[in-house]
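Take a look at the structure set out below.
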């Protein structure tokens, strides 16, 4: 199977996506890989595997690569003296754009529109997971616990300090701060507002544990190991993204506890997140599980949580659900025309 890794995008997490793609190049050994880079101007470039190095992008050398256009059933490029159009060959695309473009639904919508098989959350799943307010509303509707929150338009809160301040529409820990008093809340609010005008506040709960579980529905349910996150205060940007391979992770060996998290994961994933490999970040306190956030395109696809990550991608790629075709028979218009003719 040949995978096409789509990465980059017009996103605050552009560079994170590049590192994720480079990581997958190292992790996927038995399948062929192609790479499609979306630059800040949202132009597509076909990147050769040997050029998948961070400096190739930071130096702008990627502009020497072939430009690609998306059309029905695939991506196309022109090459040679006659500039004959050719189709980029691959079996399944993988949406690896973090944050805006990839996780907000733009790229998934385009790929679905042009009938390109892709491992990705769909538009509905993106809308739910990209906006933390909608994530909490969704979780409540399906019976999954969430931490209380409030939307703030000014740096004021009804919660007692300390609190966590978050931009509501950002696919990572960027812009997230802990405020222990009003002065810190003022600063945290300004930081969050740099990234979003929709800001939420949650109470900071001492002693709460954090767990991560990844998975998908392919030919059957596939779940990762249950990771217990070791943290001081919270998993901030650097802790979350500076170690993409997460070589050292703490696995919770309590199978009964893992089963409880799996039960909550299934509620969240159901058919809404079909065709995606997601990671759910949970809180755990006094025997109760809370959803923190849904990562519809986790860093490096959470490969570090699976014993055989490549096999997971193969199985998911072979079991993608296609959008139902709607047959247009013009029956309604024909009835109108027939009625006019009487």
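Seen from every direction in turn and averaged, the convex hull around the alpha carbons of the stretch 1-99 projects onto 6.5 nm². Which angle from 0 to 90°, rounded to the nearest 10, does the C-alpha axis of helix 182-193 make with the longest principal axis of the chain? Approximately 0 degrees, to the nearest ten.
Relative to the longest principal axis of the Cα atoms of the chain, the long axis of helix 132-141 makes an angle of roughly 80 degrees.
Placing dummy labels 7 Å off each Cα toward the beta-carbon, the span from residue 76 to residue 48 is 2.5 nm.
How fast does the chain diffuse by Stokes-Einstein, in µm²/s, taking the Kirkwood radius from C-alpha pairs at 20 °C and 1.002 mPa s? Translational D for this selection: 100 µm²/s. One Cα centroid belongs to the stretch 60-97, the other to the stretch 127-178; the line between them spans 39 Å. Within the chain, DSSP assigns beta bridges of which about 75% are antiparallel (rounded to the nearest 5). Which whole-number percent gives the relative contact order of the stretch 150-203, counting Cα pairs below 8 Å spaced six or more residues apart? Across the stretch 150-203, relative contact order equals 49 percent. Only alpha carbons enter this Debye calculation for the stretch 150-203, each as an equal point scatterer, and the log10 of I(q)/I(0) it gives at q = 0.23, 0.25, 0.30, 0.32 Å⁻¹ is -0.73, -0.87, -1.27, -1.44. Listed from fewest to most Cβ neighbours within 10 Å, the set 279, 42 follows the order 42, 279. Taking every DSSP beta bridge that has both ends in the stretch 2-120, the antiparallel portion is near 50%. Relative to the longest principal axis of the Cα atoms of the chain, the long axis of helix 331-341 makes an angle of roughly 60 degrees. In a fully extended conformation the segment linking residue 219 and residue 331 would gain 36.6 nm over its present Cα-Cα distance, using 0.36 nm per residue.
Values in this text are rule-based calculations from the coordinates and carry no lab data. As the structure is a computational prediction, the values presented were derived from the model and not from experiment. Here the Cβ is made from the backbone with ideal geometry for all residues, glycine too, and neighbour counts use every protein chain on show.
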